[in-house]
1. Work out Dmax and Rg for segment A:231-274 from the C-alpha atoms and quote the Rg first, both in angstrom.
2. Using only the alpha carbons of chain A, determine the length spanned along each of the three principal axes and report them from longest to shortest in whole angstroms.
3. Based on Cα coordinates alone, diagonalise the gyration tensor for segment A:161-293, multiply each eigenvalue by 5, take square roots, and list the semi-axes in whole Å, largest first.
4. In the protein assembly as shown, if the dipole is taken from +1 on Lys/Arg beta carbons and -1 on Asp/Glu beta carbons about the Cα centre, which of A:Gly217, A:Phe119, A:Tyr93 is farthest to the positive end?
5. Taking the beta-carbon count within 10 Å as an exposure proxy, list A:Leu58, A:Leu50 from fewest neighbours to most.
6. Quick one: which residues, 5+ away or cross-chain, put their amide H under 5 Å from the amide H of A:Arg283? H built at 1.01 Å from N.
7. Can you tell me the alpha carbon radius of gyration of chain B divided by the globular rule-of-thumb value 2.2 N^0.38 Å?
8. In what order do A:Tyr93, A:Tyr4 fall by count of nearby beta-carbon atoms within 10 Å, going from fewest to most?
Amino acid sequence: MSVYIYPVLFGIFCGLFTRLIMLRTDYRQYPTYLHGKIVHISLGFIAAVLGSVAVPALIEENITAVTFLTVAASQFREVRNMERNTLKQMDGYELVSRGDTYIEGIALAFESRNYLVIFTSLLTTIAFIFTDIIISLAVMVVCIVIARAMMDGGKIKDICEIEYVKPRFDGAGLYVDNIYIMNIGLPKRQEEILKYGMGFILKPKNFNAMTTIANLGQRQAILYDLSTSLGIFRDSGTPALAPLAKRDLEDGRVGIFVLPQNRDIERAIEIIGNTPTLENAIRLPSKRKKNEGGMGNDG
Amino acid sequence: MTVEKMILACLTTNPRKAPTGLAVFHCDSKEEMEAIGATLEAVLDGIAHLISEEIMIIVRH
């Protein structure tokens, strides 16, 4: 039996365990129970195997075997495409869509989780070969903590203050605070909106936050999370009851209008606050150097 | 080219102000305009917007 069998098995176990910890089905109901999970656990297993066997391959000076990692990288990129396509197809049947920015963020997270699994397997296998089981377990714990920290991004409550405001009508114009949402022409629809509607104001804490919440994808993500958690008072063929988020051009505040089935104000504020700030929506204009001229240096 | 928004129909109680180039429904009263507007909104999958007291349009967003 090869001397590397236990280190490789340990590395695979650690990688798979890390993947299972990162595989949570939460309020967004994604990945779906059970088949979606099987796909991701299987890919996590492959990632763990690749990370683990790379170490013995290097020790035995089998350098070319490491090229397998490049195959893995292209495979995981394919996972990202698969997730993107699946979510986009599903999005067409949602009463409130996720939006492309949110979908891209989810797809990116699924790809990056497999790389984290590879690194966990790689490091734990190295630790097992060159040290003992106790240190290897400690490496595993550190890897899991780092993986969790890297997967938990920022939240809306970190960058905005959230306040409940009852929607109101001025003529046919629907307003949340002083932010114009849309024109509702039918009195019956206006009554429904006043009865079931809720409004929230997101007040950005700084200029960076103002730019982030201005992103249309970020606003759609908030509407999606809110509608998923609290339910939505609408059906197909009732576009007037669609939730909307509009921006105050003066100060960058965003007015959120929704018609939830569960009208719990505290819960709604909590959900908005816990909406992730999407990687693709984050902008940091304040990081731009004052003396930087021209078009900047992206990339 | 993708047309993101489109006026599907117009309802009016004032024939003088009725636009051309789209389906116009002439109504006798505001109540009738609202009733027809509600039906058209459901049938056409659009939103009824009140432009003035006399004109309502159904828009697909």
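Throughout, read-outs are computed from the coordinates displayed, never taken from laboratory work. Everything numeric in this text was worked out from a predicted model, so none of it was measured. Note that each Cβ is placed from the backbone with ideal geometry, even for glycine, and that neighbours are counted across all protein chains shown.
1. When restricted to Cα atoms, segment A:231-274 yields Rg and Dmax of 12.4, 34 Å.
2. Principal extents (Cα only, largest first): 81, 53, 32 Å.
3. Working: eigenvalues 162, 53, 31 Å².
Square roots of five times the eigenvalues give 29, 16, 12 Å.
4. Highest projection toward the positive end goes to A:Phe119.
5. The most exposed by this proxy come first: A:Leu58, A:Leu50.
6. Hits under the 5 Å cutoff: A:Thr212.
7. 1.06
8. Numbers: A:Tyr93 8, A:Tyr4 19.
Lowest to highest Cβ neighbour count: A:Tyr93, A:Tyr4.
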